[in-house]
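To start, the structure under review is shown below, and the notes come after it.
The values are calculated or read from the model by the stated rules, or taken from the named source; none is laboratory data. Everything numeric here is computed off the predicted structure, so don't read it as measured data. When we count neighbours, we look across all protein chains shown, and the Cβ atoms used for this are built from the backbone with ideal geometry, even at glycine. For accessibility, only protein heavy atoms count, side chains too; no ligands or nucleic acids. Shrake-Rupley method; radii C 1.70, N 1.55, O 1.52, S 1.80 Å.
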Amino acid sequence: MYFVSSLNATFQLSESNVVKANWAFSNRECSVIGFFRTCVSLSSGSSHRCSVSFPPNRQIRCMDAAGLDSDGREFKSPDEMWTEQAGDPNKKTLWYRNGVSYWEGVEASMDGVLGGFANVNEPDIKCSEEFLKIILSERFPADARHQPLVALDCGSGIGRITKNLLIRHFNEVDLLEPVSHFLEAARQTLGPENHMNSDTHKAVNFYCVPLQDFTPESERYDVIWIQWCIGHLTDDDFVSFFKRAKVGLKPGGLFILKENLARSGFVLDNEDRSVTRSDLYFKELFSRCGLHVYKSKDQRGFPEELFAVKIYALTTDVPKKVNRTRSKSQANRPRIIKTWNYKAVCEDSSRVEKSIPPFAQQDQQQFLLRCSAAADVPPFLCLDESDVVFRATSGKWRAVVVEISRMHKTGRPVLVGTTSVEQSDSLSEQLKEAGIPHEEQRLLTEHTVLTEDQLWRMVLHLSLFLQFIILCQYCR
């Protein structure tokens with residue numbers, strides 16, 4: 001998803017078959033989702049014009065963002081979802097009971113606790129250890145340690161993270177897990193009678209207590225590690241837990257949270273009663289907890305079909321900022337940028353001129369882009385979102401319709417591509433049932449004969465899309 005300012009473009013086809021585009025930015029904010037729909041006006045003369053503009057949209061707080069459940073049902077906001085799922089004491093009790101019941105039916109093994117993806121254990125531990133070593137070297141340097149390091153493993157399961165990571169870097173580790181047979185398996189692996197323990201690195205306490213009910217011992221822990229369990233807490237209990245857990249941190253201690261990330265808003269899993277939140281959703285909750293992101297890292301090496309995963313190091317104090325500035329001479333230095341076999345020569349920080357090679361050789365057509373932008377144009381933000389996986393194709397297409405409907409209500413243009421005519425027809429029918437106005441266009445077949453106007457229309461669409469992508473790539 002690209003977030004840009006407000007973008008206006010005007011194209012003109014002259015008799016010399018040269019397409020020129022002028023782009024202008026304003027200080028209003030809007031968003032463009034993947035592709036976009038253009039409004040093309042063609043005339044019968046030698047000059048054809050088309051224009052596209054993106055209206056400004058209000059900024060949407062992440063807590064107002066819509067979400068989905070695992071069946072493709074839409075919720076307008078987290079508040080709507082939580083009211084339905086845990087809006088009164090009885091519902092809340094049932095929410096947590098069902099969550100624990102799900103895991104009580106899972107085998108106490110590596111494959112069981114990782115949902116059938118035991119192969120992610122190695123890249124998970126590797127990434128976590130790299131992150132942890134940086135944290136320990138910065139916050140707890142070896143030459144400044146005057147007492148043993150102690151960690152709490154929240155949602156420890158069978159002790160996978162403690163065994164493979166924490167017990168090697170901490171002198172004492174406590175485990176917190178609400179599922180009794182998971183904790184018993186961890187006790188058998190990490191207990192005093194087991195060879196995993198030593199006098200200097202050992203698992204000490206095993207707490208069979210739900211996260212929402214746990215209060216740690218005052219100033220016991222240097223690090224509280226929370227992985228793949230915070231999604232079972234409601235927002236209120238999320239905030240309440242961290243506020244209570246702060247008491248358990250030693251001076252200079254911190255939380256490390258590692259969790260799945262939704263592309264936007266949230267995704268409710270109806271089976272295990274958990275919520276996958278987006279990065280923005282998490283950060284707003286951190287703010288409510290009085291926590292600050294000290295460092296973060298994206299998990300790499302997981303299968304593509306899984307949610308994205310991110311690690312956050314969270315502190316109760318505001319991290320010190322390091323100012324990195326460039327001199328004025330460096331900022332305005334002429335430079336050449338090479339991308340996709342085209343050059344953009346920046347004469348100064350306020351004017352850009354690009355020459356783009358033709359992508360259509362017919363009639364020696366050349367497509368030139370001249371871009372003039374103010375020096376204070378806000379930076380572009382490109383979000384590489386993770387995929388959302390559905391159990392059934394019908395649920396996926398319902399979610400597509402819900403997302404299109406949400407974007408349509410905010411006035412955002414949307415272009416949707418399908419891989420077959422059947423999918424296109426099916427989606428069109430669902431959009432009609434939802435009352436969403438749309439135009440259905442199909443790719444050309446080998447037997448299609450184009451009129452001159454249709455050819456110009458296709459060229460204009462392609463040139464507009466290509467030049468928009470090039471502009472986004474440059475401004476990033």
Pick from the range 74-95, criterion in contact with a helix residue (DSSP H, G or I) (Cβ under 7 Å, 6 or more places away or on another chain) and touching a residue at least 40 places away in the same chain (Cβ under 8 Å), ranking: nearest to ALA434 (Cα to Cα): GLU74
Pairing a residue in the range 205-226 that is assigned by the TED database to the domain that holds VAL150 with any residue that is open to solvent by 50 Å² or more (accessible area, probe 1.4 Å) and β-branched (Val, Ile, Thr), where Cβ atoms lie under 6 Å and the two sit 6 or more apart in sequence or on different chains, gives SER218/VAL247
Yes/no for SER198 being over 25 Å from PRO123 (Cα atoms), surrounded by fewer than 20 Cβ atoms within 10 Å (Cβ to Cβ) and at pLDDT 95 or above: no
For the condition of a type in the set (D, E, K, R), in contact with a helix residue (DSSP H, G or I) (Cβ under 7 Å, 6 or more places away or on another chain) and farther than 25 Å from ALA144 by Cα, what is the one hit in GLU284, GLU305? GLU284
Pairs, please: C-beta under 9 Å, at least 6 apart or cross-chain, first residue in the same structural domain as LYS250 (by the TED database) and open to solvent by less than 30 Å² (accessible area, probe 1.4 Å) and in the range 126-147, second among the small types (Gly, Ala, Ser) and modelled with pLDDT under 95? CYS127/GLY301; LEU136/ALA142; PHE140/GLY252
Among THR162, THR215, which is the only one that is surrounded by 17 or more Cβ atoms within 10 Å (Cβ to Cβ) and not small (Gly, Ala, Ser)? THR162
Count of the range 386-411 residues which are out of contact with any helix residue (DSSP H, G or I) (no Cβ under 9 Å at 6 or more places or on another chain) and in a loop (DSSP other than H, G, I, E, B): 6
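Okay, residues lined up against (1) open to solvent by less than 60 Å² (accessible area, probe 1.4 Å); (2) in the same structural domain as GLY72 (by the TED database); (3) modelled with pLDDT under 85:
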site	(1), (2), (3)
LEU368	no, no, yes
ALA375	no, no, yes
LEU381	no, no, yes
VAL401	yes, no, no
SER420	yes, no, yes
GLU429	no, no, no
GLU439	no, no, yes
PHE468	yes, no, yes
